[in-house]
Amino acid sequence: MTADSGPFTREQVRALIAVEPRRLMHVVGEPVSAEVEIARRAELIDHVWLTLNAGSFGPVRAAIATWSKRNADAGFDERVRLGVGRIECTLPHPRGVFSSPGLAYENLEASHNIFFEYQSRLQMEEWLIAEIAKSDLIEIWGRVYTRKHIGVHEIHSMRASCAVPVDELNHDGAMLLHRTRESTAKWCLLKFCGQ
């Protein structure tokens, strides 16, 4: 990967995604809170919401998938496959929102010995909330969106899956959970059926 560009202000991010909504972004900040998504109907809950303090950019909400409604609706396995890889890390990235030149799971899998295991929605919720609580800095790669808040989603593999035939190369979303006092970090990679 080449270097990120940025950091961007909130106004710059809104302008950037208005013209290029599929751009891969890199968000870095301290975790503020993590909770299971709130929905009127239980079957619509498919994310953990993580709020990060991204330095001068301010708060950003990350929506991390815990199962695939698209796969379930199409009759495929709805579970997420979680891949975890531990690394030593001494120089955390500066806080903020950046444009990323790309991220590919195959490169991370080859260099960090990452294996994937199926997780139920409840297992994903518990794992994410526990691991976020242990982290003091989090990096996320994904697509930034704007609603009432600025958030990041599609924090998972973007290769073709059972229910989504579109194959996006070098645009995978991921999360890197830092424990800066220990100089360690943990990759969190998510795949769906067929990836």
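The values are calculated or read from the model by the stated rules, or taken from the named source; none is laboratory data. Please read these numbers as outputs of a predicted model, since none were measured by experiment. No Cβ is skipped: glycine too gets one built from the backbone with ideal geometry, and neighbour counts run over all protein chains shown.
At pLDDT 95 or above and either of a type in the set (Asp, Glu) or within 21 Å of residue 158 (Cβ to Cβ) (or both): which single residue out of 110, 54, 104 fits that description? Give the steps one after another, and end with the answer.
Working: 110 fails: at pLDDT 95 or above; 54 fails: either of a type in the set (Asp, Glu) or within 21 Å of residue 158 (Cβ to Cβ) (or both).
After applying the criteria, what remains is 104.
Mind checking which residues of the range 74-105 are in contact with a Lys or Arg (Cβ under 8 Å, 6 or more places away or on another chain) and within 18 Å of residue 182 (Cα to Cα)? Once the filter is applied, which keeps residues that are in contact with a Lys or Arg (Cβ under 8 Å, 6 or more places away or on another chain) and within 18 Å of residue 182 (Cα to Cα), the range 74-105 yields 84, 85, 86, 87.
I need a count of the residues in the range 149-178 that are more than 26 Å from residue 120 (Cβ to Cβ) and touching a helix residue (DSSP H, G or I) at 6+ places or on another chain (Cβ under 8 Å). Number of matching residues: 1.
Taking residue 72, is it touching an Asp or Glu at 6+ places or on another chain (Cβ under 7 Å) and more than 24 Å from residue 170 (Cβ to Cβ)?
yes
Pairs linking a residue in the range 162-174 that is on the phi < 0 side of the Ramachandran plot to a residue that is of a type in the set (Phe, Trp, Tyr), with Cβ atoms under 6 Å and 6 or more positions apart or on different chains, are 162/76; 163/76; 172/105; 173/141; 174/141. Taking the condition among the aliphatic types (A, V, I, L, M), closer than 25 Å to residue 76 by Cβ, at pLDDT 95 or above and under 16 Å from the mean Cα position of the chain (by Cα), does residue 128 pass? The answer is yes for residue 128.
In the range 4-22, of all residues being under 27 Å from residue 104 (Cβ atoms) and surrounded by 14 or more Cβ atoms within 10 Å (Cβ to Cβ), the one that is farthest from the chain's Cα centre (by Cα) corresponds to 12.
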